[in-house]
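Read the structure below first, then the notes.
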Amino acid sequence: MTEKAQSNRGNRRRIINVFKKAMAGESITVGFLGGSITQGCAATSYDKCYAYKVFEWFKNTFPLSDVKYINAGIGATDSQFGCARVQDDLLSRKPDLCFVEFSVNDEANDHFLETYEGLVRKILSSDASRALMLIHNVRFDDGGSAQLFHTKVARHYEVPAVSMRDVIIPELESGRLDNKTITSDNLHPNDTGHEMVAGIIISVLEDIRDNMKEEEPAESDMPSPLTSNLYEDSVRYRNDNAGSIIAGISGFTADNLPQDVITDIFRKGWTATEKGSYIMFKVKGSCIGVQYRRTVRKPAPVATLTVDGDKNSAIELNAEFDEDWGDKLCLATALDHGENKEHTVKIELTQAHEGDVLPFYLVSIIVSGNKNG
């Protein structure tokens, strides 16, 4: 299983150094960044999710160390958002070892190859001693994931990577394992599934621990990017740090309620209820994203986003959500690989209904690709 699980062996030097630190009785912090699987959706309690079980392995394996745990998983999010939030949600807490899991939320295309690369570069360059392991989860019905694209990044940067597809899918296809045993929706592991995912990751960690005496090559310098790499410098603006970029506002009100946990996702944004309300931003970069709430509580308002006044390329931000699992933090790309200059982003409420249950909620603006700014 261990051999199958390693979609990329990578350079283990940073992880081994974290193990040595823990063995010497120094405190270490392990952090997890990802989507709903990392958050622990479908697990019956927080301590049944794979991330917590991997954390427990560290505590049991290195009893002399005070091992701390960070779970920065947010459901229905991808590496584009991950790149924008990794500093605040994970790196600011100084983890020694980061686990990153976005392979079922990212699509298998060049856009997410670039955003994933930006995230990996951001973590690796944040601290020369910070270790990283990539986790490739999988859809249990069709084996779908972005693993092939993400593995390109893992190999380019010599980062150890663990594949669920290469271990679990053959077991499902052969009939040796029934998917109902590990999942109820073919995406989110149940308690048994989380235990299996954790076991696969732990098998690789134990292989690293058991072979620590083998000489690991010196780490290479950071290579040139595989992609245009316009997302590594992503900056997220909410109402607590957007004062300098707001160019105009009417009818939008800042939400100043505290955000107690990162999964309390509809906080620090702006709300509007009246048609014609607008908010404008002046931002510099070549990639722009906007996050807003889509709600299952209907009817819901609709906003329109324009960049530099170009109505022909306007984007509709419809707050109605057709799924039934809950409200979604939606990330819409307003500009991708555009000109690196100052852009004007205007969001205007263009449809409102008398029976709207919730206001339109603008969560954040994410700006990337300002390498000269």
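Here are a few things to note about the model shown:
- Filter result for VAL261 (aliphatic (A, V, I, L, M) and without any contact (Cβ under 8 Å) to a residue 12 or more places away in the chain): yes
- Subset of the stretch 316-346 [surrounded by fewer than 17 Cβ atoms within 10 Å (Cβ to Cβ), more than 28 Å from GLY73 (Cα to Cα) and β-branched (Val, Ile, Thr)]: THR344
- Residues being part of a loop (DSSP other than H, G, I, E, B) and over 17 Å from ARG236 (Cα atoms) - total across the stretch 262-301: 11
- Count of the stretch 141-192 residues which are of a type in the set (Lys, Arg), farther than 17 Å from VAL204 by Cβ and touching a residue at least 40 places away in the same chain (Cβ under 8 Å): 1
- Flag if GLY143 is small (Gly, Ala, Ser) and either buried (at least 19 other Cβ atoms within 10 Å of the Cβ) or in a helix (DSSP H, G or I) (or both): no
Residue-by-condition table, conditions (1) charged (D, E, K, R); (2) on the phi > 0 side of the Ramachandran plot; (3) within 22 Å of the chain's Cα centre (by Cα):
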residue: VAL153; (1), (2), (3): no, no, yes
residue: HIS156; (1), (2), (3): no, no, yes
residue: MET164; (1), (2), (3): no, no, yes
residue: ARG176; (1), (2), (3): yes, no, no
residue: ILE182; (1), (2), (3): no, no, no
residue: LEU187; (1), (2), (3): no, no, yes
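- Checked against the criterion of being within 20 Å of GLN80 (Cβ to Cβ) and free of Cβ contacts under 8 Å to residues at least 24 places away in the same chain, the stretch 297-314 has at least one qualifying residue.
- Restricting the stretch 352-373 to residues that are out of contact with any Pro (no Cβ under 6 Å at 6 or more places or on another chain) and more than 20 Å from SER244 (Cα to Cα), the residue that is modelled with the lowest pLDDT: GLU354
- Residue within the stretch 75-83 that is acidic (Asp, Glu), surrounded by fewer than 24 Cβ atoms within 10 Å (Cβ to Cβ) and over 15 Å from the mean Cα position of the chain (by Cα) present: no
- Which numbered condition PHE58 misses (of (1) in contact with a Leu (Cβ under 7 Å, 6 or more places away or on another chain); (2) of a type in the set (A, V, I, L, M, F, W, C); (3) surrounded by 20 or more Cβ atoms within 10 Å (Cβ to Cβ)): (1)
- Failed criterion for ASP327 (all others in (1) closer than 12 Å to ASP356 by Cβ; (2) within 23 Å of the chain's Cα centre (by Cα) hold): (1)
- Which numbered condition ILE123 misses (of (1) buried (at least 21 other Cβ atoms within 10 Å of the Cβ); (2) touching a residue at least 40 places away in the same chain (Cβ under 8 Å)): (2)
The values are calculated or read from the model by the stated rules, or taken from the named source; none is laboratory data. Remember, predicted model here, so these are calculated numbers, not experimental data. We place every Cβ from the backbone using ideal geometry, glycine too, and count neighbours over all the protein chains shown.
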